[in-house]
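Everything on this sheet refers to the single structure shown next.
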Amino acid sequence: QLVESGGGLVQAGGSLRLSCAASGLAFGSYAMGWFRQVLGTERELVSAISWSGGSTYYTDSVKGRFTISRDNTGNTAYLQMNRLKPEDTAVYYCAVRPWAIATTPDKFSFWGQGTQVTVSS
């Protein structure tokens, strides 16, 4: 089970920190991704991190603003989002897959329920 938290309403330029708490799986054996989706559009990968934390991925639009991290001891992953923009508004989902990073939703095995992030201009 994956449970996201930390979403909310923030003004442009502000920050939020999303958390994804995992239970019932060997979290340290899974790569983890943060996706986002706007109603009527496809789910897109925002950032991902390998099982060890040694490899990370960011989509171009968030590079330099978002930071992904994980705490395998605490079975939790994070997405620190700084300098937020209105176009970052979406439902954010965390998902996991075994070991290595992938960039498409179909490659991920388990999903959280999502948390809404709204950035006002």
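Report whether or not Asp106 is farther than 24 Å from Gln11 by Cβ, without any contact (Cβ under 8 Å) to a residue 40 or more places away in the chain and of a type in the set (D, E, K, R). When the stated conditions are applied, Asp106 passes them. Just one of the listed residues (Ala90, Ala21) is in contact (Cβ under 8 Å) with a residue 12 or more places away in the chain, touching a Lys or Arg at 6+ places or on another chain (Cβ under 6 Å), of a type outside the set (D, E, K, R) and closer than 20 Å to Gly6 by Cβ, namely Ala90.
Inside the range 69-121, can you point out the residues that are under 11 Å from the mean Cα position of the chain (by Cα), open to solvent by 10 Å² or more (accessible area, probe 1.4 Å) and of a type in the set (A, V, I, L, M, F, W, C)? Across the range 69-121, the qualifying residues are Val91, Trp111.
Filtering Gly7, Gly33, Gly14, Gly28 for residues that are more than 15 Å from the chain's Cα centre (by Cα), surrounded by 12 or more Cβ atoms within 10 Å (Cβ to Cβ) and at pLDDT 95 or above leaves a single hit, Gly14.
The values are calculated or read from the model by the stated rules, or taken from the named source; none is laboratory data. Model, not experiment: these values are computed from the prediction. A quick note on method: Cβ atoms are made from the backbone with ideal geometry, for glycine too, and the neighbour counts reach across all protein chains shown. To get the accessible areas, we keep the full protein, side chains included, count just its heavy atoms, and leave off ligands, DNA and RNA. Shrake-Rupley method; radii C 1.70, N 1.55, O 1.52, S 1.80 Å.
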